[in-house]
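The structure under discussion appears below in the form of structure tokens.
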Amino acid sequence: MPFKIRKLKPDPFIYISGSCYGHACHVNDCSKIRPPISRAEGEALLKKDLARFEKCVESLTRIKLNSNQFSALCSFTFNLGCGAYQQSTLRRKLNAGNTKGASLEFRKWVYGGGKNLPGLVRRRKAERDLFCKSGGC
């Protein structure tokens, strides 16, 4: 089944319905994307987008991460950007070896436009739960 694409103006993202993810057109060229796209095309976009954030997490994190921690941090960075991760207290605490303290930082990143957003609260809880899944928090 093909994914439907919604482009919300002036929002610079393409939201791929049925996939639970988006593709940032202000960062990526979206001019060649013609809806509807296949599941494989949607997943290829996500894989390409994620590669940049995986590199970011790898390059800025000085401690060894387990796969759950790495995945949680990639989700966090995918949503907020590499610069936010680089400047975050979460990263500083993690690199200092304070895994529990770093895990508590997820809940601080739940605001958009100065408002506490329920969707971000859920996302950060899910990221923290994944981050802590293998212990250490």
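What is the percent carbon and sulfur in the accessible area of region 28-120, measuring with a 1.4 Å probe over the protein chains and ignoring ligands?
Numbers: 2910 of 5480 Å².
After summing per-atom areas, the C and S share lands at 53 percent.
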Ser67 and Lys115 label points (each 7 Å along its Cα→Cβ direction) are spaced in nm at 3.9 nm
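Send over the per residue convex hull volume for region 39-132, Cα only, as a whole number of Å³.
Roughly 105 Å³ of hull volume per residue.
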So Cys137 and Ser31, fully extended at 0.36 nm per residue minus their Cα-Cα distance, gain in nm 33.8 nm
Per residue, accessible area of region 55-104 with a 1.4 Å probe, heavy atoms of protein chains only, in Å², comes to 48 Å²
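The values are calculated or read from the model by the stated rules, or taken from the named source; none is laboratory data. As the structure is a computational prediction, the values presented were derived from the model and not from experiment. When we count neighbours, we look across all protein chains shown, and the Cβ atoms used for this are built from the backbone with ideal geometry, even at glycine. Please note that ligands, DNA and RNA were not included when accessible areas were found on the heavy atoms of the full protein model with its side chains. Shrake-Rupley method; radii C 1.70, N 1.55, O 1.52, S 1.80 Å.
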